[in-house]
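The values are calculated or read from the model by the stated rules, or taken from the named source; none is laboratory data. Computed from a predicted structure; not experimentally measured. Cβ atoms come from the backbone with ideal geometry, glycine included; neighbour counts cover every protein chain shown.
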């Protein structure tokens, strides 16, 4: 199997028999705790109950009505620490003898139902009659798509502005295909396009007051969901180094037609990825699939402190990734031609807990050493673009250039402008961004109705 083939498709999901068998394990809880555990209010308790009684179209309708990105969330959500964590089937104890010590596989059931709807041609929504109000959505990631869909279902005329060639945001350009493939994304996008939303791709909204001017250009409200596309860097002011990549650039190359280029650069090379989150896991696993000779994950804390999900960490280990824990990268080693040859590290020890509750990594004096590496990927987080406050100068932002909003409405400090997704909370989950879009859409409807009154 070629490297390209290993990247094309994600693993197959449940079939009908598997989904029904899993739903049959459900305890049919009253006031289902799994539903309370879903940030996007997808209501797994309801759709699993409907599936169990073989009301399959009703189950699909429940998901899509509550969460237009139900397919993406079914695949990408860390369900083990959300809805499945709350599942009563896993709570076997003296007080709960009905438990089975194994939660219902909610994410896999959710994915099955969405795929079954596509296979059978079941359409949950019909394009509504158009209302006169126009809303601009900046960014086509999960929050923007969610907000747009909620508005479009009620007939509002929505235009999504996207700076990249295709819509989808992080789902298209920031997730490797073996976790979330293009065919799946295109089908989810079609559900949204069927609502009559207008997409303007290759259309970047920036410059002085760029976003705020949309209110002057005929739009009655604006939702800002541009995401975070600037990568945090170990040495942000250092000149470009051949062989050094941000996670944003590296993952984008795997998605946007430059696959052969990155494969040739990584094949038979030693790769080091800096970071301990889910993005870092995508980077190390993809390097293995790109036929790297050796792949190292470099993280300054311990294994148990890594923010990546447990199954992601285990998968990387099983794929052959070498973990270099308690090591802090401090510099890059380069040749005279400015090609990367190594990563300078300092060993660390754990000190007192910081504000996150994790013990702080402290450098061990005199423990410097160099890891030979041909490629280094920095997966240490994303941030808002430095110039982003200029796009909406009257919108209040914090010291990280994240937009400040009313948590109950998504309303910014500017009348008629709302925001959601990573631009308000920092890097977070797809399901949280979806909920931000839903919350803002509800508030936008209220705002526009008041304007009419």
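Please tell me if residue 417 is surrounded by 18 or more Cβ atoms within 10 Å (Cβ to Cβ) and over 30 Å from residue 262 (Cβ atoms).
Criteria met by residue 417.
Mind checking which strands (runs of 3 or more DSSP E) fall wholly inside the range 300-368 and carry at least 3 residues that are free of Cβ contacts under 8 Å to residues at least 60 places away in the same chain and surrounded by fewer than 19 Cβ atoms within 10 Å (Cβ to Cβ)?
Hits in the range 300-368: 322-325, 340-353.
Do the conditions hold for residue 142, that is, is it closer than 26 Å to residue 449 by Cα, out of contact with any strand residue (DSSP E or B) (no Cβ under 6 Å at 6 or more places or on another chain) and not assigned by TED's automatic domain parsing to the domain that holds residue 447?
Working: closer than 26 Å to residue 449 by Cα: yes; out of contact with any strand residue (DSSP E or B) (no Cβ under 6 Å at 6 or more places or on another chain): yes; not assigned by TED's automatic domain parsing to the domain that holds residue 447: no.
No; evaluated as a whole, the condition is false for this residue.
Considering (1) modelled with pLDDT of 95 or more; (2) outside any strand (DSSP E or B); (3) out of contact with any helix residue (DSSP H, G or I) (no Cβ under 9 Å at 6 or more places or on another chain), say which one residue 395 fails and leave the rest.
With (1) modelled with pLDDT of 95 or more; (2) outside any strand (DSSP E or B); (3) out of contact with any helix residue (DSSP H, G or I) (no Cβ under 9 Å at 6 or more places or on another chain) applied to residue 395, the lone miss is (3).
So which of 85, 108 is under 27 Å from residue 32 (Cβ atoms), outside any loop (DSSP other than H, G, I, E, B) and either in the same structural domain as residue 218 (by TED's automatic domain parsing) or modelled with pLDDT of 95 or more (or both)? Break it down into steps so the answer makes sense when it comes.
Working: 85 fails: either in the same structural domain as residue 218 (by TED's automatic domain parsing) or modelled with pLDDT of 95 or more (or both).
Answer to the selection: 108.
Looking only at the range 4-31, count every residue that is outside any loop (DSSP other than H, G, I, E, B), assigned by TED's automatic domain parsing to the domain that holds residue 116 and free of Cβ contacts under 8 Å to residues at least 60 places away in the same chain and tell me the total.
The total comes to 3.
For the list (1) buried (at least 21 other Cβ atoms within 10 Å of the Cβ); (2) at pLDDT below 95; (3) under 12 Å from residue 382 (Cβ atoms), I need the number of the one condition that residue 275 fails.
Answer for residue 275: the failing condition is (2).
Select from the range 154-163 the residues that are assigned to a loop (DSSP other than H, G, I, E, B) and in contact (Cβ under 8 Å) with a residue 40 or more places away in the chain and write down the one among them that is farthest from residue 214 (Cα to Cα).
Restricting attention to the range 154-163, the residues satisfying the condition of being assigned to a loop (DSSP other than H, G, I, E, B) are 154-156, 162-163.
Keeping just the survivors that are in contact (Cβ under 8 Å) with a residue 40 or more places away in the chain gives 154, 156, 162-163.
Working: 154: 21, 156: 16, 162: 14, 163: 15 Å.
That would be 154.
For the range 48-71, give me each residue that is assigned to a helix (DSSP H, G or I) and either within 12 Å of residue 188 (Cβ to Cβ) or in the same structural domain as residue 180 (by TED's automatic domain parsing) (or both).
Initially, the range 48-71 is screened for residues assigned to a helix (DSSP H, G or I), giving 48-52, 56-66, 70-71.
Scanning the range 48-71 gives 63, 64, 70, 71.
Counting just the residues of the range 234-253 that are part of a loop (DSSP other than H, G, I, E, B) and exposed (fewer than 15 other Cβ atoms within 10 Å of the Cβ), which one comes out modelled with the lowest pLDDT? Break it down stepwise before answering.
Here is the first cut: in the range 234-253, the residues part of a loop (DSSP other than H, G, I, E, B) are 234-241, 243.
Okay, now just the ones that are also exposed (fewer than 15 other Cβ atoms within 10 Å of the Cβ), so 235-240.
Details: 235: 92, 236: 89, 237: 86, 238: 82, 239: 87, 240: 91.
If we take residues in the range 234-253 being part of a loop (DSSP other than H, G, I, E, B) and exposed (fewer than 15 other Cβ atoms within 10 Å of the Cβ), then 238 is modelled with the lowest pLDDT.
Would you check which residues across the range 118-129 are farther than 22 Å from residue 183 by Cα and either assigned by TED's automatic domain parsing to the domain that holds residue 151 or surrounded by fewer than 11 Cβ atoms within 10 Å (Cβ to Cβ) (or both) and list them?
Within the range 118-129, the first condition is being farther than 22 Å from residue 183 by Cα, and the residues that meet it are 126-129.
126, 129 - these are the residues of the range 118-129 that are farther than 22 Å from residue 183 by Cα and either assigned by TED's automatic domain parsing to the domain that holds residue 151 or surrounded by fewer than 11 Cβ atoms within 10 Å (Cβ to Cβ) (or both).
Among the residues of the range 425-453, count how many are in a loop (DSSP other than H, G, I, E, B), without any contact (Cβ under 8 Å) to a residue 60 or more places away in the chain and either in contact with a helix residue (DSSP H, G or I) (Cβ under 8 Å, 6 or more places away or on another chain) or surrounded by 20 or more Cβ atoms within 10 Å (Cβ to Cβ) (or both). Before the answer, list the steps.
Filtering the range 425-453 for residues in a loop (DSSP other than H, G, I, E, B) gives 426-429, 453.
If we keep only those that are without any contact (Cβ under 8 Å) to a residue 60 or more places away in the chain as well, we get 428, 453.
When the remaining residues are screened for being either in contact with a helix residue (DSSP H, G or I) (Cβ under 8 Å, 6 or more places away or on another chain) or surrounded by 20 or more Cβ atoms within 10 Å (Cβ to Cβ) (or both), the result is 428.
Residues meeting the conditions: 1.
Could you pull out the residue among 262, 274 that is in contact with a helix residue (DSSP H, G or I) (Cβ under 9 Å, 6 or more places away or on another chain) and closer than 20 Å to residue 361 by Cα? Break it down into steps so the answer makes sense when it comes.
Numbers: 262 fails: closer than 20 Å to residue 361 by Cα.
Sole residue among the options that is in contact with a helix residue (DSSP H, G or I) (Cβ under 9 Å, 6 or more places away or on another chain) and closer than 20 Å to residue 361 by Cα: 274.
So which residues in the range 203-224 are crowded, with 21+ Cβ neighbours inside 10 Å and either assigned by TED's automatic domain parsing to the domain that holds residue 341 or assigned to a helix (DSSP H, G or I) (or both), if there are any at all?
Answer for the range 203-224, where residues must be crowded, with 21+ Cβ neighbours inside 10 Å and either assigned by TED's automatic domain parsing to the domain that holds residue 341 or assigned to a helix (DSSP H, G or I) (or both): just 214.
Taking the stated definitions as given, is residue 422 exposed (fewer than 15 other Cβ atoms within 10 Å of the Cβ) and outside the structural domain of residue 39 (by TED's automatic domain parsing)? Let's see the steps before the verdict.
Numbers: exposed (fewer than 15 other Cβ atoms within 10 Å of the Cβ): no; outside the structural domain of residue 39 (by TED's automatic domain parsing): yes.
Considered against the rule, which asks whether it is exposed (fewer than 15 other Cβ atoms within 10 Å of the Cβ) and outside the structural domain of residue 39 (by TED's automatic domain parsing), residue 422 comes out as no.
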